[in-house]
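What follows is a single structure, written as structure tokens, with notes after it.
What follows draws every value from the coordinates through simple rules; no lab data is involved. Note that this is a predicted model, so its numbers are computed, not measured. Ideal geometry is used to build each Cβ from the backbone, glycine not excepted, and the neighbour counts take in all protein chains shown.
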């Protein structure tokens, strides 16, 4: 009887150790679904590997345009998203009655004016067509860029979400054409110039530093609303796992990958969650 009891104890011990070993080997960790609108390049693979070392499995969920990832986040289909700047999220929340918040900064990506017909904004002629993104935040940003380039003048009360109706001076009678952001590179053969988001330009094969005929100043304090972010549901803003992903994004290897993937067009910025929320709530 003692012999069989001893064997039973050994089997139980072995089974327990095997179970522990299985848990470790499987690498079972928390799965975090992150919505993105593009995952080419080395940034995400590097971040996923770093997260895996911390026991976090990142699963990327790709969306075809900017209107989808926020609703998916609000509906609980994903846990975070990373594709937008603060101003875009603020406007989307307001229009769709959502409660999403920024929980960490990623990059600032200066917007540019691109053209296949002219090499300088001064060459843009009377009555030329200029394409801009049509979503409220990027449309306003694009119009401000046209103003800084000396092409138009905007009303004093333009704000962060003004539209072409707020143009008070248009000396060249330019025709401003708001279109879906992802289409702004594709219309270049049909317009004198197109204002293209940095990420969209990169996906279209442009060098976002060398190719624009005019580029936004990313160091301008007024550019803070256009810092890209990780967004989460408000209830999850202090989630430790999500904050760890934000922290990993700012490690040197990821920063270098961002620079390489964007040809230096995007700059990783490290802004505290509290500062982001303060800016966000001010919008």
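Computed from Cα atoms, the angle from the helix 43-53 axis to the main principal axis of the chain rounds to 20 degrees.
Shape descriptor for the chain: Rg over Rh equals 1.14 (Cα atoms; Rh from the Kirkwood inverse mean 1/r). Ordering 194, 165, 122 by the number of other Cβ atoms within 10 Å of each residue's own Cβ, fewest first, gives 165, 122, 194.
A simple spin-label model places the labels of residue 204 and residue 270 3.4 nm from each other, with each point 7 Å out along Cα-to-Cβ. Compute the relative contact order of segment 112-216 as a whole-number percentage, counting only Cα pairs closer than 8 Å that sit 6 or more residues apart in sequence. Result for segment 112-216 is 45 percent. Rounded to the nearest 500, the helix-only mean residue ellipticity at 222 nm of the chain stands at -11000 deg cm²/dmol, with each DSSP H run of n ≥ 4 adding -39,500 (n - 2.57).
Taking the DSSP beta bridges with both ends in the chain, the antiparallel portion is around 55 percent. Principal-axis analysis of the Cα atoms of the chain puts helix 273-282 at an angle of about 40° to the longest axis. As a rough footprinting exposure proxy, the listed residues 53, 275, 259 were ranked by other beta carbons within 10 Å of their own, and the order from fewest upward is 53, 275, 259.
For the chain, averaging the sequence separation of C-alpha pairs within contact (under 8 Å, six or more residues apart) and dividing by the residue count gives a relative contact order of 27 percent.
Label-to-label distance for residue 186 and residue 260 is 3.1 nm, based on points extended 7 Å past Cα in the beta-carbon direction.
The slack in the chain from residue 163 to residue 42, taken as 0.36 nm per residue of separation less the alpha-carbon distance, amounts to 40.0 nm.
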